[in-house]
Every structure is written in C-alpha cells, then in structure tokens.
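Derivation of every value follows stated rules applied to the coordinates shown; laboratory data play no part. Since the structure is predicted, the reported quantities are computational estimates derived from the model, not experimental observations. So basically every Cβ, Gly included, is an ideal-geometry build from the backbone, and we count neighbours across all protein chains shown.
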Amino acid sequence: MRILLTALLLSMPVLGLDMIELKNGKLIPAESVSVRGDRLRIRLYLPGQSATAEYTVPIDQVVPEFVYYAWAEQIAAGDAEGHRALGEWARSQGLFRLALVQYRGAGAATPEFEAALREEEATWRFNEAWRLFREGEIEGARHHAQLILGEFEGSAEALRVKELLSIIAEREQFLSEQKRQEERARRARGHRRELGKQVERMDRADRMVREARLGARADARRNLSWAAYAYRSAEVRLQELLLLVEEEELRLSLRALLDGLAPRMVRSFLKLADALWISGQVEGALDAVHEVLAIEPENKSASGLRERILDRDTRASDPAPAVRVGYPYSRAYLLRRGLLVGLYPGAVPCYGIAYTFGCDR
C-alpha cells in the first residue's frame, strides 16, 4: 500500500533518513542516503569498527516514499527542474500528493494543472478498485470505489465507479450462501494475517525502543525514528482493517491494539526527542516533542523539554526562523502540519491519505 505511507513519512519526526525500508520488509540502518540514477546509494556505519561502508540498492526494491525523501533532500532551493523531475517520478509511483508538492516547488502547479492531476489520481484509484474486483477482493474494491465517490465527486471517474458498484452488487446477488461464507472466511484469513504482521511490526518497534541507549546516540536515533514510524504505520493499517473486518472478535482485537498504541508512540517520541536533543539536533528534537504533545497535550516531560529547547533558541545568537517570528515550532514540523491540515482537515477514519487516522492503498 504505497500511498498509505505518504502521510506517515510526512509525519516522521526528523527530515533525514536514518533507516531505509525495502519492499521485502528488510531495514537498512543508514548514515546518509542519496539517489544516483535508478539506484539508492547508502552509507552505513559498521558497528564496532569506527568505519563506514557504501553500497547501492535499485530504487525499485525500496519503499517509494523513502526514495522520495532521499531525492527531495538533494534538490537545492530554486531548482525548478529538480522539483519537476521528482514530481514526475512521484507521479509515476502513484504518490500524487507528494508529486503536487514538487510541482508547486517547480512553479508548475497552475489551477488547471492541479485539476488535471486530480483527475489522473481518480483514474489511478479506479484502476486499483477494478484490479481488486478482478482478483476477488470484493470488499477492498467496494471500499476504493466509495473512496472515489467521497473524495473525487464530480470527476470523470464518478460514473464508472457507480457502474462498478452496480456490478459488485449484481455479483454478490448471484453468489450462493455457501460461496458467500467461503469468501467471507477467506477475507477473514487475510485480515488475520495482516493483523499478525502489524503485531509483529509493533513488537519489533517495542524492542527497538526498549534497547535504545542514549550513550550510543546514532543507533538510538536510528532505531527510535524507525520505531516511531512503525507505530504510525501500524496505526493507519489497523484503522484500515477496522473498516474492512466483518468478525466482531477481530474488531475487538483491533480496537484493543489501537487503544494501546498511543502510550507506545509517546514513549518512542520522548526517547527520540532526548536522543536528538543530546546530539544537538534541536529542530528534530522539537519535532519529536510536538509529536508527543499532539498525542498527549498535557505530557509534562514533553512540555518541559520543549521549554528547554525554546529557551536555548531564545538565547542563541542566530535563533531558528520559526522562533524569530514568534511561532515556536520547527520549520519541518510546520511544513508537515501545513500540508496535512490543508489536505486532510480533521483526524477522522477515511480511506485516503491521512495523518493519524485513515487509510489508502
């Protein structure tokens, strides 16, 4: 689910990639990452050897959003062609919202262009709904179709979506009761597999948070950053499953897991904020603190660290621009929040890109 991760990476606490995730689920700890042609160049630290090694990975093996952010960091301010090239690549990967950010950076996002890009995204989503229908994923196809009606009302795809929903209804009408039960059982098995995958992902993040030691700063930052991302990813996927599952027992399990995610995220972001603060990465620490406060506004540890950070910036000879104008948030944090608030007001369950809640392909 590529677009699903877009909002997660928009909400990651630090600009910079300390951990790269491949499509096969493998994690690669990275000191630095850059895009070179059709490959991702990764420099990684060799534990215990005080040395680094470099190697490359084809970008088609990497989760696309990680490629996007590595590429975006290479683009100089004012490089219109660089923004446009990344926009075209993101568009080819179905990352339409991120592509639009780059087109705006290139000065190419006229109202007419944005309308055309929106139609293109609606078509892409319809094709996904049709693919799921052909593969027998009826619930997923219906959900995508309803998403188009909700998010892309008035688009050229709206009529085709209504026809697809009619076809789905006709197919279900002629299914025998036994066949319905078989399909429902098959879907339930898939949901359980996905639930198990997310539980394993959260357990892995738990281990990373427990084992993070601030004395080993680079490893702590890397592991805590990925753990925070993993919790966000699991939250979005579990919210998606909650919209799809039909068994009440499974729904109860999903709700219980979601209820337990907030304290896990608070713990990981707090430790990440400490690790970044100790390392002198003030903006990243402020980002992580604000992530905690977004989840738990009354958290005293986060509030205290925030005050220390702001006090340090106030006394600095060249305070951060965001502090100079009297708005004590880091530029990266404001950028992410600005994008998200503009596109997706309200943290409500949906089947599109969302920040804390929601889902997409």
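Would you mind putting 243-251, 280-288 in packing order, based on average other-beta-carbon counts within 10 Å, highest first?
Working: 243-251: 14.6, 280-288: 22.4.
Ranked from most to least packed, the peptides come out as 280-288, 243-251.
With the cut-off at 1.5 for a/c, could you classify the stretch 45-160 from its C-alpha gyration tensor as rounded, prolate or oblate? Write down the numbers at each step before the final one.
Details: a/c = 3.74, a/b = 1.49, b/c = 2.50.
It is oblate, given that a/c is not under 1.5 and a/b is not larger than b/c.
Cα-based Rg of the stretch 164-284 per 2.2 N^0.38 Å, rounded to two decimals?
Details: Rg = 19.9 Å, N = 121, 2.2 N^0.38 = 13.6 Å.
Relative to the rule-of-thumb radius for its length, the stretch 164-284 sits at 1.46.
State the extension gain, in nm to one decimal, for the chain segment bounded by Ala115 and Leu243, taking 0.36 nm per residue of separation less the distance between their alpha-carbons. Mind showing how you got there, number by number?
Details: separation 128, 0.36 × 128 = 46.08 nm, distance 2.91 nm.
Gain on extension, Ala115 to Leu243, equals 43.2 nm.
Considering amide H positions built from the backbone, and no H for Pro or chain starts, which residues 5 or more places from Val62, or on another chain, come under 5 Å of its amide H?
HN-HN under 5 Å from Val62: Lys23.
For the stretch 278-287, take each phi angle, set θ = phi - 60°, evaluate the Karplus expression 6.51 cos²θ - 1.76 cosθ + 1.60, and give the result in whole Hz per residue in order, putting x for glycine and proline.
Each residue's phi maps through the Karplus curve to give 4, 7, x, 8, 5, 4, x, 4, 5, 4 Hz.
For the stretch 162-204, what class follows from the C-alpha gyration tensor (a ≥ b ≥ c being the square roots of its eigenvalues): rounded when a/c is under 1.5, otherwise prolate if a/b is larger than b/c, else oblate?
Values: a/c = 8.39, a/b = 2.15, b/c = 3.91.
Taking the square roots of the gyration eigenvalues as a ≥ b ≥ c, the stretch 162-204 is oblate.
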